[in-house]
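Visitor: Quick one: this structure, given as C-alpha cells, is what I'll be asking you about.
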Amino acid sequence: MYALLVLCMLVVAAAAQSTTVPTSNIIDHLTTRRLTTLLNLIQQAGLTDTLKGPGPFTLFSPDVTSLGNLDATDPAKVTALIKYHVANGQYRRADLYNEESLTSLLPNQSIRVNHYVSKGIVTLEGKDIRSSEQELSNGVIHFIKGVMMPPAGTVLDVVSKDGNLTTLASAIKTAMLDNFFQDQKPITLFAPTDDAFNKLGSATVQGLIADPTLLKSVLQYHVVPGTIYRAAYHTSYLHTFEEADQIRLHRFLFFGYEADDGGMVDDEVSATNGVVQKIDAVLIPSSLSDQVKALTAGAATAA
C-alpha cells in the first residue's frame, strides 16, 4: 500500500512538472546561455524590450559563427536581418509545415518554411534547425545553422538584378517566360551563369535565341516545382516544367552539389516565389539533345 502511495505521488509530481509554465522570457534565456553576440545585436535592433514582453514570438537564432560574419559596418542591414529572425506567434517544430509563410518583425517580409520529410529536416529560408526548440514564457527559440536572408524579389527579379545572369535574363525575355518566373510558385530555378552560356558556345546560344520555342523548352527544363534548398539535397530525379525529362540532383559526400552536370556556384538566393540556384552549365534535356546539337551543325554548315 505504501509503495502504491509513493508511486501515485511520483506520477502526480511528474505531471505537475510537465505542465509547469516557463517563467523565463526569450531575453532571460539568451542571457543565461551567455549568447552575448546575439543579445548585442538584438539591442542594436531595438528589440530587447519587445522580446521581454508578452509575445508570443518565435526567435530563429543563428549560430555564433554566422552572426560573427555579419557586416558590422552596415548597422541598418544588420538590424533588418535581426528583425527578420523573429516571427510573430509561437511555432514549435511540430507546427512548421512545408511551404508555410511566417510573418516576421521585418515589415513586408515573411519567412518560408520547408519540411523535407525524406531528410527529416525543417528549414527556414534554407537554413535548417539544428537544436531542439526552447519553450519560454513569451515564445520559443529554434537554433538554426546560418543567417536567413530576406527574399530579394521574385525569381525574375533575382535573375534580372544579378550581373552574372545577364544571358539568362535575355533568354527568359526572348522565350516570353517573364510572367512565368514572376508569378509561378513555388519553384526552384537552376540558373546558368553567363560563363555557362559561354561554354555552350556562341553558335548554339544564337541558335537557341533564334528558336524561341526550343529555347523555352530548354529553360523550362531548368525549373522544378517546389522550393528545393541545398540542405535537403540527396541523389534524386525530379520532374521539371519541360515535362518530358527529369533532372538529376546530386549531393557529394563532403562538399558540392550538382543538377545534372551543372555544379552549383555561389550562395542560393531566396525569392518570394522560390529559390535560385546558380549553376556552371546549361542543362540540355535528353529529349531535346539532337535538336540542340543540330543548331551547332547548322551554324557550321552555314559558315
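The values are calculated or read from the model by the stated rules, or taken from the named source; none is laboratory data. All values derive from a computational prediction rather than experimental measurement. In this analysis, Cβ positions are derived from the backbone assuming ideal geometry, glycine residues included, and neighbour counts consider all displayed protein chains. What goes into the accessible areas is simple: the full protein's heavy atoms, side chains included, and nothing from ligands, DNA or RNA. Shrake-Rupley method; radii C 1.70, N 1.55, O 1.52, S 1.80 Å.
Visitor: Which of (i) 23.7; (ii) 21.8; (iii) 20.0 is the computed Kirkwood radius over Cα pairs in Å for the structure on display?
Guide: (ii)
Visitor: Residues of the range 61-85 with amide nitrogen under 11 Å from the 7 Å Cα-to-Cβ point of GLN44?
Guide: The answer is 67-82.
Visitor: Right, next: Considering only THR31, THR167, THR79, give the residue with the highest GNM mean-square fluctuation for the chain, with springs between Cα atoms whenever their separation is below 10 Å.
Guide: In the Gaussian network model the winner is THR31.
Visitor: Suppose R0 equals 41 Å. What FRET efficiency, 1/(1 + (r/R0)^6) with r the Cβ-Cβ distance, do MET149 and LEU288 give to the nearest 0.05?
Guide: Once the sixth-power term is evaluated, E becomes 0.75.
Visitor: Over the chain, with a Gaussian network built from C-alpha contacts below 10 Å, which listed residue (ALA175, ALA72, ALA87) shows the highest mean-square fluctuation?
Guide: Answer for the Gaussian network model of the chain: ALA72.
Visitor: Taking the Cα centre of the range 170-215 as the origin, how large is its charge dipole in debye, to the nearest 20, when only Lys and Arg (+1) and Asp and Glu (-1) carry charge on their Cβ atoms?
Guide: Details: 3 positive and 5 negative charges, 11 e Å.
Here the range 170-215 has a charge dipole of around 60 debye.
Visitor: With θ taken as phi - 60° and the coefficients 6.51, -1.76 and 1.60, list the Karplus ³J(HN,Hα) couplings across the range 255-260 in order, rounded to whole Hz; mark glycine and proline as x.
Guide: Listing the rounded values in order: 10, x, 9, 9, 10, 6 Hz.
Visitor: Once you have the alpha carbon radius of gyration of the range 160-220, what is it after dividing by 2.2 N^0.38 Å, with N set to its residue count?
Guide: In units of the globular-protein estimate, the range 160-220 measures up at 1.08.
Visitor: Would any residue of the range 218-250 have its amide N under 15 Å from a label point 7 Å out along Cα→Cβ of ASP261? List them or say none.
Guide: Inside the label zone: 248.
Visitor: For the range 59-207, which semi-axes, largest first and in whole Å, follow from the square roots of 5 times the eigenvalues of its Cα gyration tensor? Please report the intermediate quantities before stating the final value.
Guide: Details: eigenvalues 239, 62, 43 Å².
The three semi-axes for the range 59-207 are 35, 18, 15 Å.
Visitor: Under the Karplus relation 6.51 cos²θ - 1.76 cosθ + 1.60, θ = phi - 60°, what is the ordered set of whole-Hz ³J(HN,Hα) values for the range 113-128, x standing for Gly and Pro?
Guide: Here the 3J(HN,Hα) series is 9, 10, 10, 9, 4, 5, 9, x, 10, 10, 10, 10, 6, x, 9, 7 Hz.
Visitor: With only Lys, Arg, Asp and Glu charged, each at its Cβ (+1 for the first two, -1 for the last two), find how big the charge dipole of the chain is about the Cα centre; round to the nearest 20 debye.
Guide: Details: 22 positive and 30 negative charges, 153 e Å.
Here the chain has a charge dipole of around 740 debye.
Visitor: Now, a different point. Indicate the gyration tensor shape class of the range 55-118 (rounded, prolate or oblate), computed on the Cα atoms with a ≥ b ≥ c the square roots of the eigenvalues: a/c under 1.5 is rounded; otherwise a/b larger than b/c is prolate and the rest oblate.
Guide: The shape class here is prolate.
Visitor: Which whole-number percentage describes the relative contact order of the chain, with Cα contacts under 8 Å and a sequence gap of 6 or more?
Guide: Relative contact order, the chain: 14 percent.
Visitor: Just the number please: accessible area per residue for the chain, 1.4 Å probe, all protein chains included, in Å². Write out the running numbers ahead of the final one.
Guide: On the way: 15460 Å² over 303 residues.
With the other protein chains kept in place, the chain gives 51 Å² per residue.
Visitor: Quick one: which residues, 5 or more positions from GLY226 or on another chain, have an amide H under 5 Å from its amide H? H modelled 1.01 Å from N in the peptide plane, none for Pro or chain starts.
Guide: The answer is ILE187, THR188.
Visitor: Separate question: Quick one: of the DSSP bridges fully inside the chain, what percent are antiparallel, nearest 5?
Guide: Percentage antiparallel, nearest 5: 75.
Visitor: Related question: For a paramagnetic label modelled at 7 Å from the Cα of ASP71 toward its Cβ, which residues of the range 110-149 fall within the zone defined by backbone nitrogen distances under 16 Å?
Guide: Inside the label zone: 147-149.
Visitor: Same structure again: Report the Cα centroid-to-centroid distance between the range 126-171 and the range 232-303 in angstrom, as an integer.
Guide: If we compute the Cα centre of each part, the gap is 22 Å.
Visitor: Another one. Could you tell me the convex hull volume per residue, in Å³, taken over the Cα atoms of the range 153-303?
Guide: Residue-normalised Cα hull volume stands at 101 Å³.
Visitor: Where is the GNM fluctuation largest for the chain (alpha-carbon springs, 10 angstrom cutoff): SER61, SER236, SER104?
Guide: For the chain, modelled as a Gaussian network with Cα springs under 10 Å, the answer is SER236.
Visitor: Going through the cross-link list LYS119/LYS278; LYS77/LYS119; LYS77/LYS216; LYS77/LYS145, which pairs have a Cα-Cα distance over 28 Å in this structure?
Guide: Checking Cα-Cα distances, LYS77/LYS119; LYS77/LYS216 exceed 28 Å.
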